[in-house]
1. With every protein chain left in place, what is the accessible area per residue of the stretch B:518-580 in square angstrom, probe 1.4 Å?
2. Starting at the first residue of the stretch B:615-628, write each ³J(HN,Hα) from the Karplus equation 6.51 cos²θ - 1.76 cosθ + 1.60 with θ = phi - 60°, in whole Hz, x for Gly and Pro.
3. Per residue, how much accessible surface does the stretch A:5-45 expose to a 1.4 Å probe? Answer in Å², no decimals.
4. Points 7 angstrom from Cα along the Cβ direction at residue B:76 and residue A:35: gap in nanometres?
5. Taking a temperature of 10 °C and a viscosity of 1.306 mPa s, what whole-number D in µm²/s does Stokes-Einstein yield for the stretch B:200-314 with Rh from Kirkwood over alpha carbon pairs?
6. Could you tell me whether the stretch B:475-583 comes out rounded, prolate or oblate from its Cα gyration tensor? Rule is a ≥ b ≥ c as square roots of the eigenvalues, rounded for a/c under 1.5, then prolate if a/b exceeds b/c, otherwise oblate.
7. Which whole number gives the average, over all residues in B:415-428, of C-beta atoms from other chains lying within 10 Å of the residue C-beta?
8. Whose amide H sits under 5 Å from the amide H of residue B:132, counting only residues 5 or more places off or on another chain, with H placed in the peptide plane?
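The values are calculated or read from the model by the stated rules, or taken from the named source; none is laboratory data. What you see is a predicted model, and the numbers here were worked out from it, not measured in a lab. Here the Cβ positions follow ideal geometry from the backbone for every residue, glycine too, while neighbour counts run over all protein chains shown. Protein only, heavy atoms only, side chains kept; ligands, DNA and RNA dropped before computing areas. Shrake-Rupley method; radii C 1.70, N 1.55, O 1.52, S 1.80 Å.
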Amino acid sequence: MPNDRDALESALRIARLEARVAGLEEALVRRSRELRELQRQLPGRELLNLSRRAAGLPPVPQGRYELEIWRETTALSTASVEETLLDLWQSLTPTPSAQR
Amino acid sequence: MTDFVSTPPAAAPARKATLLVLAWNRWDLTEKCLATLLATDLENAEVLVVDNGSTDETPQRLAATPGIRVLRLEKNLGFVRGNNAGIAAADPESDVVLLNNDLIFNQHDWLPRLRAAAASDPKIGVVGARLRLPDGRLLHAGTYILPDTMWGQQIGSLEQDLGQYTTEVREVEGIVFACAYIKRELLDEIGGLALDFESYFEDTDYCLRARVAGWKTVVCGSVTLIHDEHGSTQNDPDSLGRLFQASRATFRAKWGAELSGRYKHRLLWQSIMNFPTGYAMSCREILRALDSERVEVAYRYVYGPRTVFPQNEPENSEDYRLNVLRTRRVSWRPKAAVVYGQADVFGSNRGRVKIGYTMLEVDGFPRDWVRAAQKMAEVWVPSEFNRQGFRDSGLTRPIEIIPLGVDTNYFHPGLSAFPNPHGEYVFFSAFEWGERKEPGLLLKTFNDEFGCDEPVRLVCKVINRDPGLKLKEEIRALRLRDQGGRISFLFNQEFPHYQLGSLYRSMDCFVSVSRGEGWNMPLMEAMACGLPAIATDWGAHREFVNEGNAYPLRIRGTIPAIAKCPYYAGYRWADPDPDHLRHLMRRVFEHREEARAKGAQAAREIADRWTWRHTARKIVARLAALGA
C-alpha cells in the first residue's frame, strides 16, 4: 500500500536523521572538549596563531623577546642590532593607543 | 632608519677646484664614476680625467663625454706619476681633488662640504671623506700606521655603517687618496706625490710630509662616497702584492725613525682585553687612546692560571692596533707599569714605578685589596666615590682620579636608529642579572606603574652566565601583572660594541637602578647618544650624572651589600627608592620634551668632558708627574 510505504520511508529517514544529529552532537561535545583542553595547554601566542591560521591569516611573527618563548641558557649569542630590533618590533602587538 | 647626515656646511668661498679622476682601463667603472660625479654640485670646479694609458675603449669613450677635460698619457705611469701628471696639468691657482675612477658619487654636496672643511682652518692641507663599500659597510674614516709593522690601517674599516665617524672635521694621521682634497698652498709648498712610490703608501707619505711641514690632515665626516675598492686592479692580485711590499720597504726606510720617535712615554699595561668584561672593554679603549696620545704601550694579560680569573686569554683581539700592542717587547722590569683590574692582582705589577688602577661598586675595599694597593707608588680610581672608599678602608698611598670615558665616534646622537614603529615610548635597561643591578625593582615598578593599554614598553637587555640562576623562575616570582606595563627581553644577546650606540639611539630613555657602580659604562654610553637617563643617585657615575643632564633616582639609604661577589662582604650599597622610580618614569613618559632636553645636554657634556682622550691625557699627565 502506497500510504504504508510512504510512512515507512518517512520513519526510516527520520531515524537516519536522528542518528546523524546524535552523531554530530557527540562530535561537537568531543571537539569542544578538545578545544577546552587546547586552551588550557597552549600558551596565548600559540592559541592566537591557531585562530589566525584557522581564519586564513599568517601567524604573529615569532620573537625571542617574551618570557614564555625564551630558551633558558647561559650561552651568549652574537647578534646584529639592526636585525634584532627589526625582529623585536615586528614581534610586538602594538597598543591601539600608541602614537608617536 | 634615521639619517645621520649633518647640517649643510657653512658658506665658504668656492675656491676653484680641479677634480682629477685617474683612469686606467675598466671603462665600466669610469663611466659610472663620471656619470654620478657630473650630476653633483660642481660649482667652480673642473673635471680633469687622466687616462693613464688605457688600452680598452676608455680613450674613445672619454672623447665623447661632455663636461670633462682629458689628459691622455701614452702608457700607464702608475698611480703616483699619473696623478702627478694631472696635478701638473691642473689650473695652477686651483685646489686639487684626487679621485679614483671606482668611486660613486651619491651625495650632491660632497664638494662644497670638502671645501668648507678645508677652509675651516688655515692649517688644514688635506681633506678626506668617509668611504663606504657598495654593500653598506664602512671602508675608511681615516688611517693610522704603527711603527712596529709599517702597515697602514683604515679606521672603522668593514664595520656596518651606522653613522660612526661623522664629526664634521676630524684630524687623522692620514687618509687614502681615493678621494683627497689638497689645498693649493700645500701643493705649492711640498709638491705632488713622492716618486719613491709607484703605488701604495704614497698617500700616507704625503700626509706625513704635510704634517712635517706644519699642515693637518682631516676627514670630513659629513661626506660619504661609495668606493668599489681596487676596481681598476682587482683582477691582478700578484701585482698588487709585489707593489705593496716594495712600497712598504721604501716607506719604512723613509719614515721608520720619524714614526718611532713620536712616542713620548713608554708604559707596560697589565690588564685584560679579550674577554667580554667591563675591565676588558675599557682597557681596549684606554690602550687605543694612549697610543694616540703618544704613549708607547705594551700590553700583557694580568690574569690566568693561579689568579682569581684562571682562564688564558685568547690571542686575537680582532683589532690590529691592539694585537700589535700585545706583541711589543718589554723588559722584565720596565720603568713604569699599570695594572688595570681588581686590586688582588696588583702584586703582578712588573714596573719600577708601580701603579694600580681599579674600581669597586660598594663603599669600601677588601682588606687584601688595600694591602696590595699599599705597595703601589700610587693608586688610580675613576671616581671620588672610590677614592673615599679606599681612604675609609685605610689606604694611605696617593690616590688619583682617572675617570673612564666614551668614544664619541661610536656614541653620539647622530647615529642610525631603528625605533619602535608602533609608536610606543621605550624605556631601556641593560644589565647582567644579579643582586647589584636590582632587576626585580625595575621590572616590578615599571609593571605596576604602567598599564598594558598605555603606549609604553620596557626593553631589557639581560645577560645571565650563571648556570645556578633560573631566570624564568626569578621573573615569574615577581608576579608581574598581565594588565601591567609590558616588558620585552633581549636575552643573552651580545652585540658588537661598535653597534651599541645604535641600540641606545633606538630607545627613548635609559634606566639604571643598580645598587652600586664602579663606573656604569652603559649609562655613560647611552647619555653620550643623547638619551635621557634615570640612574640611582649613588655610586661612581655621580661623577657625570646630575639634575641638569639626567634624572637622579633617590635612595632610601644604604644597606649591607649582600651578593654572591665576595669583594662586597662587610660593605654597603644603595637602596633605590621604588616610589621615586615610579614617579621618574611617569615624569619622563609625560614630559618628553624635558627629557629630550636633558638627553641633549648629557650628550654635549660627555663629548666635552668625558672621552677616552680625556682619560689618556690625565694618564699622560700622571706619567709625566711620576717621571715615567
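1. Dividing the accessible area of the stretch B:518-580 by its residue count gives 36 Å².
2. So the J values, rounded to whole Hz, are 4, 4, 5, 5, 5, 4, 4, 5, 4, 5, 5, 8, x, 9.
3. It amounts to 92 Å² per residue over the stretch A:5-45.
4. Modelled inter-label distance: 7.6 nm.
5. Estimated via Stokes-Einstein, D reaches 87 µm²/s.
6. It is rounded, given that a/c, with a ≥ b ≥ c, falls under 1.5.
7. Mean shielding by partner chains, rounded to a whole number: 4.
8. Under 5 Å from the amide H of residue B:132: B:139, B:225, B:226, B:227.
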